[in-house]
Each structure stands twice: as structure tokens, then as C-alpha cells.
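Q: This is the structure I have questions about; it appears just below.
The values are calculated or read from the model by the stated rules, or taken from the named source; none is laboratory data. Quantities reported herein were computed from a predicted structural model and do not represent experimental measurements. Here the Cβ positions follow ideal geometry from the backbone for every residue, glycine too, while neighbour counts run over all protein chains shown. Just so you know, the surface numbers come from the protein's heavy atoms only, side chains and all, with ligands and any DNA or RNA stripped out. Shrake-Rupley method; radii C 1.70, N 1.55, O 1.52, S 1.80 Å.
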Amino acid sequence: QQKVQQSPESLSVPEGGMASLNCTSSDRNFQYFWWYRQHSGEGPKALMSIFSDGDKKEGRFTAHLNKASLHVSLHIRDSQPSDSALYFCAASEHRGFASALTFGSGTKVIPCLP
Amino acid sequence: EAGVTQSPRYAVLQEGQAVSFWCDPISGHDTLYWYQQPRDQGPQLLVYFRDEAVIDNSQLPSDRFSAVRPKGTNSTLKIQSAKQGDTATYLCASSFRNQAPLFGEGTRLSVL
């Protein structure tokens, strides 16, 4: 079983709409989470980190972490065509990357016409 | 600032052939990672280094894969006898202390 599980596998989002992506860790050692975005033909790029319970907002992106359930979500508001990408949740045992990141299998976000 | 540089960008091999991937991390980054990313899947850690020391290579198929970072800067990942199941993108990333790893564009490998 993968230690970091993401859902849904793919998501169609109308331009200007909201996308909601989910991630759960099955390993209680994984307490620190990152969201990465990967456009086709490129390497993944870090969007944001979240280490504490609650919400964290950066521009159009909001992450939410519930440490008790090890569930983290990413919400993208006002979806743009440039948001078309694979989104990965990644988790670490340590805040300082003493251990490497473990990635989920990703959610493909597909913008569509409203 | 230059990003993480990988070469080659693409490689096509027959089964049984050898291949090497090269990575030049961001200057000053002490930690270097190699990940394997099969098509439409997430990156999976193969090995990572802090300076020249291997921190974790437990996911590296040791009979055919090897990785070195002799001077704590550039790194090479080698596959001795490639199999079709090795078809994937090989990503190199580097980081400094608690910053997020920054990835290169990867080397896309096809094994026929």
C-alpha cells in the first residue's frame, strides 16, 4: 500500500472555478506535507508546504492539514488554463528534510470551458 | 540562478544496454536526490546524498543501478543492464537544509 494516497486521479475544473485535491498518509511518521505541480515535460515544482494544523494560503492556493487524520487538501480557486498539470502531495518524516520526500501518485487537473 | 541541470534529456536503449545519467545540482546545495517517475505516476525515491555520503539507497535496485557523487557536487546514476521495466523519467533534485527540493527537467528513458 502506498504511504501517501491522493484522490481523485483526475479532475475537470471549469475556468474560474474551484479545484479540490485530497491526500492522506497511512504512515503516522509522515507529519510534514508539501504540494508540488508538474507541467507536461517538466520536473515537479514546489507550490507550498504545510506543517501545522489548519489552513495556509498562498495566492489562489489554499492548503489545509488535519494532523489527527493525516489528511491534507489543496484548493485552487479561480482556475486558469495554466493550472493544467499533475499535482503531487509529498510527505516527510522531518521538517528539515533529514529524510527524503515520499510522493503520492498525483491528481491530473484538467481545466475546461465554463 | 541556474537550476538543476540533467543530461541527456532523452535516451532510447535496447534491453541489456547500459546508460548513465548526469546531474549538476544548484550551487551550494548539499543534498542531492535521484527519483524514478514511471509514466503518469509520482516520483519514487531511488537514492539520496548529503555532500558525498549516501544517506539512503535502500530503494536502488543494487544489482543493476548505481549512483555516485564523489566530490559532493555533480552526480551520476548508471543502469548496467537496462530492462523494459526501467522505462521512466529519471529526475534529479537538490536542496539546501530545510528548503524544498528543486527538480531538474529529467531524463526520459525508453527501453525497447
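Q: At a 1.4 Å probe radius, carbon and sulfur cover how many percent of the accessible area of the range A:49-111?
A: 49 percent
Q: Can you give the average number of partner chain beta-carbon atoms within 10 Å of each beta-carbon in peptide B:55-61, as a whole number?
A: That average works out to 1.
Q: Only Lys, Arg, Asp and Glu count, each charged at its Cβ (+1, +1, -1, -1), so figure out the dipole size of the range A:1-55 about its Cα centre, rounded to 20 debye.
A: Result for the range A:1-55 is approximately 180 debye, rounded to the nearest 20.
Q: Just report the Cα centroid separation between the range B:74-92 and the range B:1-20, whole Å.
A: 7 Å
Q: Mind checking the full-extension length gain between A:H94 and A:A68? Use 0.36 nm per residue of separation minus the Cα-Cα distance, one decimal, nm. Intermediate values should be presented prior to the final figure.
A: On the way: separation 26, 0.36 × 26 = 9.36 nm, distance 1.69 nm.
Extending this stretch completely gives an extra 7.7 nm.
Q: At 7 Å along the Cα-to-beta-carbon direction for both A:R28 and A:Q5, put a label point, then send me their distance in nm to one decimal.
A: With each label point 7 Å from Cα toward Cβ, the separation is 1.8 nm.
Q: List for the range A:34-63: residues with 10 Å² or greater reduction in accessible area, all protein chains versus chain alone, probe 1.4 Å?
A: A:W34, A:Y36, A:Q38, A:G41, A:E42, A:G43, A:P44, A:A46
Q: In Å² (nearest 100), what accessible area is buried between B and A, both sides summed, heavy protein atoms only, 1.4 Å probe?
A: Between B and A, the summed buried area is about 1500 Å².
Q: Continuing with the same structure: Mind listing the long-range amide H neighbours of B:T5? Cut-off is under 5 Å, sequence gap 5 or more, other chains count too, H placed in the peptide plane at 1.01 Å from N.
A: Placed amide hydrogens put B:D24 under 5 Å from B:T5.
Q: Using DSSP to call loops (not H, G, I, E or B), can you name the chymotrypsin sites (Phe, Trp or Tyr not before Pro) in the range A:21-53 whose Cβ has at most 14 other Cβ atoms within 10 angstrom?
A: Passing sites in the range A:21-53 are A:F51.
Q: For chain A, what is the accessible area per residue in Å² when the probe is 1.4 Å?
A: For chain A, the per-residue accessible area is 46 Å².
Q: For the range A:30-35, in order, what is each residue's ³J(HN,Hα) by Karplus, 6.51 cos²θ - 1.76 cosθ + 1.60 with θ = phi - 60°, in whole Hz (x at glycine and Pro)?
A: 7, 10, 10, 10, 10, 10
Q: At B:K78 and B:V12, where each label point lies 7 Å from the Cα along Cα→Cβ, what is the point-to-point distance in nanometres?
A: Distance between label points: 2.5 nm.
Q: Could you give the accessible area per residue of the range B:23-112, probe 1.4 Å, as a whole number in Å²?
A: Per residue, the range B:23-112 has 46 Å² of solvent-accessible surface.
Q: Using only the alpha carbon atoms of chain A, find the Kirkwood hydrodynamic radius as the inverse mean reciprocal pair distance, in angstroms to one decimal. Don't skip to the answer; put the middle values down first.
A: Numbers: mean 1/r = 0.0710 Å⁻¹.
One decimal place: 14.1 Å for the Kirkwood radius.
Q: Spelling out what I want: for every residue of the range B:104-110, take phi, set θ = phi - 60°, compute 6.51 cos²θ - 1.76 cosθ + 1.60 (Karplus), and round to whole Hz; glycine and proline get x.
A: x, 7, x, 10, 8, 9, 10
Q: Tabulate in residue order the Karplus-calculated ³J(HN,Hα) for the range B:4-14, using 6.51 cos²θ - 1.76 cosθ + 1.60 with θ = phi - 60°, rounded to whole Hz; enter x for Gly and Pro.
A: Coupling constants for the range B:4-14: 6, 10, 10, 8, x, 7, 9, 8, 10, 10, 8 Hz.
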